[in-house]
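Worksheet for the structure shown next.
The values are calculated or read from the model by the stated rules, or taken from the named source; none is laboratory data. Every value quoted in this text rests on a predicted model; they were computed, and no experiment measured them. Cβ atoms come from the backbone with ideal geometry, glycine included; neighbour counts cover every protein chain shown. Just the protein is used for accessible areas: all its heavy atoms, side chains included, with ligands, DNA and RNA removed. Shrake-Rupley method; radii C 1.70, N 1.55, O 1.52, S 1.80 Å.
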Amino acid sequence: MSTQPDLLYSEEEEALRAAVRDLLADHCDAPGVIARTESDNPHDLEAWKALADGMGLAGLLVPEDQGGQGATHREAAVVLEEVGRAVAPLPYLTSAVVATEALLGCETDGGLLAELASGRKIGALAVALNVAPGGAHKVVRHENGALHGELTGIADAAVADVLLVPADDGGLYAVDADAVTVTPQTSLDLTRPVATVTLDGATGRRLGDAEPAVRRALRAGAGLLASEQLGLADWTLTETVRYLKDRKQFNRPVGGFQALKHRLAQLWLEVVNLRAAARNAADALATGEDVDVAVAVAQAYAAPVAVHTAEEAVQLHGGIGMTWEHPVHLYLKRAKADSIAYGTAGAHREALAELVDLGAP
């Protein structure tokens, strides 16, 4: 029997939000994040250690008997909302969600789940960031026990300790990062860099069948990415409203002009609807009810809203919105990069049409 989705936040989830927001305020303030994007090491590993080791949040999706917290996708979604709000350069989505889900979908994890859950290791699924759940992806060649090939567009590969690599024999292999060559690619989103991973005879440990593990991982990644996009859209709207209340023109607040009020009201409606879609996807992943439909709906809606809100924020901040020193450009870049991550809105609309048996015209 199907149950009604619960879209509201529990007291525990709100307490978790407050704790994560405080931590990210300390570690990932806007000037600090901008400074990191200009360095060779954009990831904030100190903040990651505090989040993963100090608060145990890297193991939310890992059962307690495997070294994790035994929580659900709802709690992970709250963390991702705050990561999105701070546009934090952390491998939370790629390691604590996508790589972790891939391991949960394997017959054996070789102790990796506990290491990822504790934050001792960072994992990355070696599938391009733009691949949708169930989509075709590149594999490497498995020959005489060694792996050969090149995989591009791998998010957070630069900071991963272990890569989960799909091979042409149908297996998913755990490969230590020091056994491969990671070459940074030019990325629009400076806070989630992508890289090319080259395997030249690297040895890996077979964990299980790649197809179900990768599909599970990408589905969870797509579903919870909507919560990151929600956090991003919420911050850009809130900051834009605050700025327009303070900024004066003709001796009155700019936000008092009716044309801008209408634009802000439209953004508010879009963000509220996005919250419903993102919460529904997180709840579906947690309960296992209508997951494919919930994820497709959330991703079909989330990307356009996040991009629209960020674009409006840049424009409505006027001249300051166009500067490097103001963080809003980071949000626009993250929103644009997220709009093709784990499948485009169009790809998810196509998937949704098939799921609900709605034939193309």
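A few comments on the model shown:
- Among 163-171, 36-44, the peptide with the highest mean count of other Cβ atoms within 10 Å heads the list, and the full ranking is 163-171, 36-44.
- Partners for LYS49 among lysines (Cα-Cα distance below 30 Å; same-chain residues under 8 apart left out): LYS121, LYS333, LYS336
- Ranked by the mean number of other Cβ atoms within 10 Å of their residues, highest first, the peptides 68-80, 180-192, 104-116, 280-292 come out as 68-80, 280-292, 104-116, 180-192.
- Carbon + sulfur, % of accessible area of segment 212-355 - ligands and nucleic acids excluded, 1.4 Å: 57
- The chymotrypsin sites (Phe, Trp or Tyr not before Pro) of segment 258-361 that DSSP puts in a loop, and whose beta carbon has at most 15 other beta carbons within 10 Å, are TRP324.
- Annotation: per residue accessible area for the chain equals 43 Å², rounded to a whole number [probe 1.4 Å, protein chains only].
- Viscosity 0.890 mPa s, 25 °C: Kirkwood-radius Stokes-Einstein D of segment 212-355 over Cα pairs, µm²/s: 154
- Couplings 3J(HN,Hα) for segment 190-204, derived from phi with the Karplus relation 6.51 cos²θ - 1.76 cosθ + 1.60 (θ = phi - 60°), are 6, 8, 9, x, 10, 8, 9, 10, 10, 10, 10, x, 6, 9, x Hz, where x marks Gly and Pro.
- Considering only the chain, percent of DSSP beta bridges that pair antiparallel, nearest 5: 85
- 222 nm mean residue ellipticity, helices alone, for the chain (DSSP H n ≥ 4; -39,500 (n - 2.57); rounded to 500): -15500 deg cm²/dmol
- Within segment 125-209, all pairs of alpha-carbon atoms sorted by distance into 10 Å bins from zero give the percentages 19, 54, 24, 3.
- In the distance distribution for the chain, Cα-Cα pairs more than 39 Å apart total 13 percent.
- Of the accessible area of segment 47-144, computed with a 1.4 Å probe over protein heavy atoms only, carbon and sulfur atoms account for 45 percent.
- Simple label model, 7 Å out from Cα along Cβ direction - ASP161 to ASP26, nm: 2.2
- Among 137-146, 215-224, 303-312, sorting by the average number of other beta carbon atoms lying within 10 angstrom of each residue, highest first, gives 215-224, 303-312, 137-146.
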